[in-house]
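To start, the structure itself, in structure tokens.
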Amino acid sequence: AEDYNYRDAVGKLQELEKKAAIQKEKTGPLPEALRSELGDGERYEFKEKLGAGGMGVVFLAFDRLLNRTVAYKMLMEQFMEVEEIRERFLREARSAAILNHPNIVTIYDVGVDRGRLFISMEYVEGKSYYQILEREGPLPIPAVRHCMTGVLRALAHAHSKGAVHRDV
């Protein structure tokens, strides 16, 4: 869900839109190295939208080349012309790609597809924390401890590799 009243979300969005307009005039096409070999919608088949965040939208998708279901994070269209945001998106992919841990999804691919940057990653089936809370209400302390232990192990592994998660 999006909350456009959260802190200074509207101001930040307006600021990014201004930057996008300025960058659109300055930047040329994306580097050829980022182009997907099977672009133009041939490789990934979208099944459903899973969620959205500050920079991107995540879909459940099927990777036709590798024959598997993936989580496909696509940079929002309004940010494609902002070099700073494109770089942050790619840094996120590179940082996550160096991590190999049971509590961290695996990055499969990064590139440009349908004219937008994307990250293809492991899809983990299950309920979100919010869905569990909605269904069961507040969790007992042992269940919270179990969840937090996994999160903390993942963060410790990421920190040991020099990666810092921006949203925790």
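Confirm whether Glu77 is exposed (fewer than 13 other Cβ atoms within 10 Å of the Cβ), under 15 Å from the mean Cα position of the chain (by Cα) and modelled with pLDDT under 90.
Details: exposed (fewer than 13 other Cβ atoms within 10 Å of the Cβ): yes; under 15 Å from the mean Cα position of the chain (by Cα): yes; modelled with pLDDT under 90: yes.
Against the criterion (exposed (fewer than 13 other Cβ atoms within 10 Å of the Cβ), under 15 Å from the mean Cα position of the chain (by Cα) and modelled with pLDDT under 90), Glu77 qualifies.
Take the conditions (1) out of contact with any Gly (no Cβ under 9 Å at 6 or more places or on another chain); (2) closer than 23 Å to Arg166 by Cβ; (3) free of Cβ contacts under 8 Å to residues at least 60 places away in the same chain; Pro102 misses just one of them, which is (1). Taken over segment 136-163, the criterion of being within 20 Å of the chain's Cα centre (by Cα) and farther than 16 Å from Asn103 by Cβ is satisfied by Gly162 alone. Contact map, segment 121-136: residues that are in contact (Cβ under 8 Å) with a residue 60 or more places away in the chain paired with residues that are open to solvent by less than 90 Å² (accessible area, probe 1.4 Å) and assigned to a loop (DSSP other than H, G, I, E, B), Cβ distance under 9 Å, separation 6+ or inter-chain. Pairs shown: Tyr123/Val105. Pick from segment 127-143 the residues that are in a loop (DSSP other than H, G, I, E, B) and open to solvent by 60 Å² or more (accessible area, probe 1.4 Å): which of them is farthest from Val58 (Cα to Cα)? Applying the filter and picking the extreme gives Pro140.
When Gly54 is tested against (1) touching an Asp or Glu at 6+ places or on another chain (Cβ under 9 Å); (2) at pLDDT 90 or above; (3) open to solvent by 40 Å² or more (accessible area, probe 1.4 Å), exactly one condition is not met: (2).
Out of segment 148-168, which residues are open to solvent by 60 Å² or more (accessible area, probe 1.4 Å) and not aliphatic (A, V, I, L, M)? Residues satisfying the conditions are Arg153, His159, Ser160, Lys161, Gly162, His165, Arg166, Asp167.
Filtering Arg94, Arg116, Arg88 for residues that are at pLDDT below 95 and open to solvent by 80 Å² or more (accessible area, probe 1.4 Å) leaves a single hit, Arg94.
The values are calculated or read from the model by the stated rules, or taken from the named source; none is laboratory data. Just so you know, these numbers come straight off a predicted model, no measurement behind them. Every residue, glycine as well, gets a Cβ built from its backbone with ideal geometry; the counts of neighbours run over all protein chains shown. Ligands, DNA and RNA are excluded from the accessible area calculation, which covers all protein heavy atoms including side chains. Shrake-Rupley method; radii C 1.70, N 1.55, O 1.52, S 1.80 Å.
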